[in-house]
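Note sheet for the following structure.
Please treat every number below as a calculation from the coordinates, not as lab data. Not measured: the values here are computed from a predicted model. Don't worry about glycine lacking a Cβ; one is built from the backbone with ideal geometry, like all the others, and counts go over all protein chains shown.
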Amino acid sequence: MTDKPWAGRFTQPTDKFVEEFTASIGFDRRLYYYDIQGSIAHARMLARQEIITGQEADRIVAGLEEILTEIEEGTFEFSVSLEDIHMNVEARLMERIGPVGGKLHTARSRNDQVALDIRLYLRDEVKTVLEYLDKVQEALLAQAEENLTVIMPGYTHLQTAQPILFPHHMLAYYEMLRRDAGRMSDLLRRINIMPLGAGALAGTTFPIDREYVAELLGFEGVTRNSLDSVSDRDFAIEFGAAAALIMMHLSRLSEELILWSSADFDFIELSDAFCTGSSIMPQKKNPDVPELVRGKTGRVYGNLMNLLTLMKSLPLAYNKDMQEDKEPLFDTIDTVKGSLKIYAPMIREMRVKAQNMRTAAARGFSTATDVADYCVRKGIPFRQAHEIVGKTVRYCIEEGRDIPELTLEEFRRFSEAIEEDIYDFVTLEASVNARRATGGTAREAVKREIARAREERKG
Ligand code: ARG
């Protein structure tokens with residue numbers, strides 16, 4: 001049966017291309033599981049409220065469960081003329097159990113049905129994103145723990161700035177992802193509110209029990225306004241925004257991994273499993289995975305802009321425009337999940353080239369700030385100390401020397417305040433370990449943060 005459930009008021013069949021153009025079954029079939037779960041809960045509630053009989057509800061539920069099996073086994077025939085997943089399932093239900101199937105849609109509209117489906121679906125997907133985020137965080141933390149003493153150059157403007165611990169760098173991303181997880185958990189609370197019962201827009205004349213449906217489906221509460229229930233998509237946009245931030249973070253790490261794997265940096269080696277070769281240059285090992293994650297960030301940003309623009313200025317309540325919410329949302333979910341999924345093992349298996357990092361950290365006068373800070377501790381105002389060290393660096397450049405190699409006499413050409421103990425401050429270790437306050441790169445500060453992260457993850 002492919003007669004449209006709404007065919008009653010029409011005298012002419014739908015134009016074939018209009019059918020194709022308006023159908024969402026091509027993509028919203030993805031919601032089938034949630035559509036069926038939502039319908040089962042709705043049928044149970046209808047029976048409990050004596051809107052339909054218990055026997056009718058049992059037949060409906062059994063029919064829906066069979067349809068679920070058909071879809072999962074791939075024997076269900078989706079029909080474009082039935083427009084979307086909701087009407088496909090309903091039509092098949094009537095085909096299987098007869099006219100009683102037509103009672104399922106009592107006190108419901110596709111408008112509140114689709115709002116319910118998206119919330120159920122997104123709720124599960126957010127939980128998966130949270131699990132995947134956690135795995136990447138674990139990989140970052142493990143790299144930090146395994147490379148506790150590795151020193152690398154820290155950059156600003158991509159110019160060597162000050163030496164830092166490699167684990168400190170890993171923990172920076174750990175923090176970003178921790179906030180991302182916080183955002184996801186927070187928006188999950190707003191997703192997890194039950195919209196069914198809004199009907200098409202104004203509610204329903206039947207004595208439904210929305211709280212019961214919410215309880216059956218594990219929602220935290222019910223929506224408070226029927227117009228808002230069917231026309232709100234901000235929960236999806238929020239997800240899109242939080243996903244965009246995850247991708248932004250991954251794109252930054254990706255960029256660094258790409259740079260670090262180049263022959264020029266040579267700080268890390270990505271496992272072969274995450275790279276590909278070149279069809280012409282035999283020596284090439286390309287960091288495809290981070291490159292693709294970096295590239296895919298664009299589509300997640302695009303999807304966010306798509307959703308925002310889709311919803312802009314839409315009058316209340318439901319508008320067909322909103323059917324367009326699904327593809328960008330699905331694409332964002334697939335992209336962010338795929339990126340996180342591949343990232344965890346890639347980070348885990350990344351090999352750190354500690355010696356190369358260290359050599360690079362020693363270049364570029366990375367301990368110049370330490371000399372300035374030293375002068376300050378000897379009573380010189382910071383601005384003057386800055387000037388002294390600036391001149392020292394210029395001297396080093398001209399003479400082809402490095403700061404730690406200067407003789408005491410050379411140091412003292414720039415300031416009489418400098419004494420023999422300067423050498424205790426200009427090594428990479430001394431520079432790093434001097435930055436001990438919370439959040440600094442000193443070994444003890446980093447160890448504290450690792451311990452804190454470990455503690456958090458237990459709890
Ligand atoms: N396929 C539609 C969507 O995704 C379902 C709701 C349709 N409602 C309607 N009144 N046409 O938005």
For the charge dipole of segment 1-157, defined by +1 on Lys and Arg C-beta atoms and -1 on Asp and Glu C-beta atoms about the Cα centroid, which residue among THR156, GLY74, GLY54 has the Cα displaced farthest towards the positive pole?
GLY54
Karplus 3J(HN,Hα) series, Hz, for segment 349-358 with 6.51 cos²θ - 1.76 cosθ + 1.60 (x for Gly, Pro):
9, 5, 9, 8, 9, 4, 5, 5, 5, 5
Return the long-range amide H neighbours of GLY154 (sequence gap of 5 or more, or a different chain), with a cut-off of under 5 Å between placed amide H atoms.
ALA161, GLN162, ILE164
Net charge, MET152 excluded, C-beta distance under 15 Å - Lys, Arg +1, Asp, Glu -1
0
Sorting LYS285, LYS353 on the 10 Å Cβ count, fewest up front, what's the list?
LYS285, LYS353
Whole angstrom only: what separates the Cα centroid of segment 84-100 from the Cα centroid of segment 137-185?
53 Å
Exposed-loop cut sites defined as GluC sites (Glu not before Pro) in DSSP loop states with at most 13 other Cβ within 10 angstrom; longest site-free run of the chain spans 221-415
Placing unit charges on C-beta atoms (Lys and Arg positive, Asp and Glu negative, everything else neutral), compute the dipole magnitude of segment 136-254 about its Cα centre in debye, rounded to 20.
300 debye
Could you tell me how many degrees, from 0 to 90 and to the nearest 10, lie between the Cα long axis of helix 32-48 and the main elongation axis, the longest principal axis, of the Cα atoms of the chain?
50 degrees
Total charge of the residues flanking TYR212 in space, meaning their Cβ is under 10 Å from its Cβ, with Lys and Arg +1 and Asp and Glu -1, is 0
Please enumerate, by chain and number, the aspartates and glutamates with C-alpha under 17 Å from the C-alpha of LYS284, excluding those fewer than 8 residues away in the same chain.
ASP264, ASP266, GLU269, ASP272
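Report, in listed order, any pair from LYS296/LYS326; LYS320/LYS341; LYS312/LYS341; LYS4/LYS127; LYS127/LYS458; LYS127/LYS326 with a Cα-Cα distance greater than 24 Å.
The answer is LYS320/LYS341; LYS312/LYS341; LYS4/LYS127.
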For the chain, the dipole about the Cα centre with charges only on Cβ (Lys and Arg +1, Asp and Glu -1), to the nearest 20 debye, works out at 680 debye
Rounded to the nearest 5, the percent of DSSP beta bridges in the chain running antiparallel is 80 percent
What whole-number distance in Å separates the alpha-carbon centres of segment 190-212 and segment 216-273?
30 Å
Using only DSSP helix segments of four residues or longer, with each worth -39500 (n - 2.57), what per-residue ellipticity at 222 nm results for the chain after dividing by its residue count and rounding to 500?
-20000 deg cm²/dmol
Can you bin segment 51-112 into rounded, prolate or oblate? Criterion: square roots of the alpha carbon gyration tensor eigenvalues sorted a ≥ b ≥ c, rounded for a/c under 1.5, prolate for a/b above b/c, oblate for the rest.
oblate
Using the alpha-carbon atoms, what tilt in degrees (0 to 90, nearest 10) does helix 54-73 show relative to the longest principal axis of the chain?
50 degrees
Furthest towards positive pole of dipole, LEU104, VAL129, ALA91, structure part segment 12-138, Cβ charges:
LEU104
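May I ask you to sort HIS42, HIS249, HIS386, HIS157 by Cβ crowding, counting other Cβ atoms within 10 Å and putting the fewest first?
With the sparsest Cβ surroundings first, the list reads HIS157, HIS386, HIS249, HIS42.
Just the number, please: percent antiparallel of the DSSP beta bridges in segment 140-271, rounded to the nearest 5.
Taking every DSSP beta bridge with both residues in segment 140-271, the antiparallel ones total about 75 percent.
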With a sphere of radius 14 Å drawn around the Cβ of GLU50, what net charge do the other residues whose Cβ falls strictly inside it have (Lys, Arg +1; Asp, Glu -1)?
+1
Principal-axis tilt of helix 288-311 within the chain, Cα atoms, nearest 10 degrees
50 degrees
Given the candidates SER431, VAL389, LEU406, the one whose Cα lies deepest towards the positive end of the charge dipole of segment 376-459, counting +1 at each Lys or Arg C-beta and -1 at each Asp or Glu C-beta, is SER431
For the chain, what number results from the quotient of the Cα radius of gyration and 2.2 N^0.38 Å?
1.35
Quick one: ARG59, ARG178, fewest Cβ neighbours within 10 Å first, how do they rank?
ARG178, ARG59
